[in-house]
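S.K.: Quick one: this structure, given as C-alpha cells, is what I'll be asking you about.
The values are calculated or read from the model by the stated rules, or taken from the named source; none is laboratory data. Here the structure is a predicted model, which is why all the values come from computation and not from measurement. With ideal geometry, Cβ positions are generated from the backbone for all residues, glycine too; neighbour counts draw on all protein chains shown.
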Amino acid sequence: MSSMKPNRRAREKQRHRREILESACDVFAEKGFRKTTIQDISHVSEFSVASIYKHFESKEDIYHSLIEDVLGIYYNTLKRKTSGVESPLEQLLIALDITTQMIVERVNFCRFLLREFRPNLYATKDSIPEKSADVYWKLINFFVDIFERGIEKKELVDLPPFYLTISLLGNVFSFTSYWVNTSKGDLSLGEDQQHIIPRVFFNAVATKPLPARFVPNA
C-alpha cells in the first residue's frame, strides 16, 4: 500500500510556498497590495523572482493564495474545535477564543486583511477581493448556522441570524482594527481584552448568563 505522505521534493515545495506567502504578507501589510512588487517580495523572502513565478502566476495569485490559505485554516479550525459542542452559545464563545488567538498570532495578516480585503456584494467578479470571497462567505455561513440553532434553542434572542452574524463580525473587525493599529509590532492581549468582544456582544443577545470565564472578577 503506497504512502500518501508527500515526498521530500513536494514537502520542500510546500515549505517554499509558505515562506513566500509569509514574506508577501509582511510586505502587503507594510506597503499595501498595489504598491508591492514581486521584486519586493523577492527581496524579503530571499527567493529569486524566477523562483517565485514557479510557485505563483502573479502578484494577484499570491494575494488570493494568502487569503485562502490563512482563512481556510481558520475556518477548518473553527469547524474542528466546535464540532460536538451541543450549546450554540458555547460554540460561538469557542469561535471567538479561536479568533482572538488568530489575531494575536497573525497580526501582520490582520493588518493586510484590514487594509486590503473588502468583499462586496455588488462588486464585479473580476475585482481582486471578489476572487477570494468564497472563503469569506463560508465563514459568514458558519456563524449564521450557529446563530440559527442558538435561536431555536432559545440561547439567543430571536433576531435575523444573518444580521447577528454581521453585527458580531463587525465587533470583531472594530476591535481587531483598534488592537492592530495601536500595536507597534507583535500583539499581546490580556485576558480582559481577549474577553471584551463576547462581553460586549453577548450581554445584548444571549438569553442566559455567560460562563464565569467571561465575567470579570467572577
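S.K.: Residue check, residue 34 against (1) in a helix (DSSP H, G or I); (2) among the charged types (D, E, K, R); (3) within 24 Å of residue 134 (Cβ to Cβ), all met but one. Which one?
M.R.: Here residue 34 meets the rest and fails (1).
S.K.: Does residue 87 fit the bill of being more than 22 Å from the chain's Cα centre (by Cα), in contact (Cβ under 8 Å) with a residue 24 or more places away in the chain and buried (at least 19 other Cβ atoms within 10 Å of the Cβ)?
M.R.: Criteria not met by residue 87.
One line per residue, one yes/no per condition, for (1) within 24 Å of residue 136 (Cβ to Cβ); (2) touching a helix residue (DSSP H, G or I) at 6+ places or on another chain (Cβ under 8 Å); (3) of a type in the set (Gly, Ala, Ser):
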position: 21; (1), (2), (3): yes, yes, no
position: 29; (1), (2), (3): yes, yes, yes
position: 34; (1), (2), (3): yes, no, no
position: 43; (1), (2), (3): no, no, no
position: 64; (1), (2), (3): yes, yes, no
position: 75; (1), (2), (3): yes, yes, no
position: 79; (1), (2), (3): yes, yes, no
position: 102; (1), (2), (3): yes, yes, no
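S.K.: Scan the range 35-43 and give yes if some residue there is in contact with an Asp or Glu (Cβ under 7 Å, 6 or more places away or on another chain) and not assigned by TED's automatic domain parsing to the domain that holds residue 146, otherwise no.
M.R.: no
S.K.: Can you tell me which residue is modelled with the highest pLDDT among those in the range 48-66 that are of a type in the set (Phe, Trp, Tyr) and more than 10 Å from residue 17 (Cβ to Cβ)?
M.R.: So the residue we want is 53.
S.K.: Here's something else I'd like to know. With the checklist (1) assigned by TED's automatic domain parsing to the domain that holds residue 181; (2) surrounded by fewer than 18 Cβ atoms within 10 Å (Cβ to Cβ); (3) part of a helix (DSSP H, G or I) in hand, flag the one item residue 50 doesn't pass.
M.R.: Single failed check for residue 50: (1).
S.K.: Of everything in the range 9-28, what is at pLDDT 90 or above and among the aliphatic types (A, V, I, L, M)? Give them in sequence order.
M.R.: Hits for the range 9-28 are 20, 21, 24, 27.
S.K.: Same structure, new question: Out of 92, 113, report the one residue that is crowded, with 18+ Cβ neighbours inside 10 Å, under 23 Å from residue 31 (Cα atoms) and either modelled with pLDDT of 95 or more or not assigned by TED's automatic domain parsing to the domain that holds residue 18 (or both).
M.R.: 113
S.K.: In the range 161-177, is there at least one residue being outside any helix (DSSP H, G or I) and at pLDDT below 90?
M.R.: Within the range 161-177 (the criterion being outside any helix (DSSP H, G or I) and at pLDDT below 90), the answer is no, since none of the residues qualifies.
S.K.: If you don't mind, there's one more thing I want to ask. Pairs please, first residue from the range 157-168 and under 17 Å from residue 207 (Cα atoms) and touching a residue at least 40 places away in the same chain (Cβ under 8 Å), second anywhere and not hydroxyl-bearing (Ser, Thr, Tyr) and not in a helix (DSSP H, G or I), Cβ atoms under 9 Å, 6+ apart in sequence or on different chains.
M.R.: Note: pairs meeting the criteria are 157/206; 164/156; 164/157.
S.K.: Exactly one of these conditions fails for residue 200: (1) modelled with pLDDT under 85; (2) not in a helix (DSSP H, G or I). Give me its number.
M.R.: (2)
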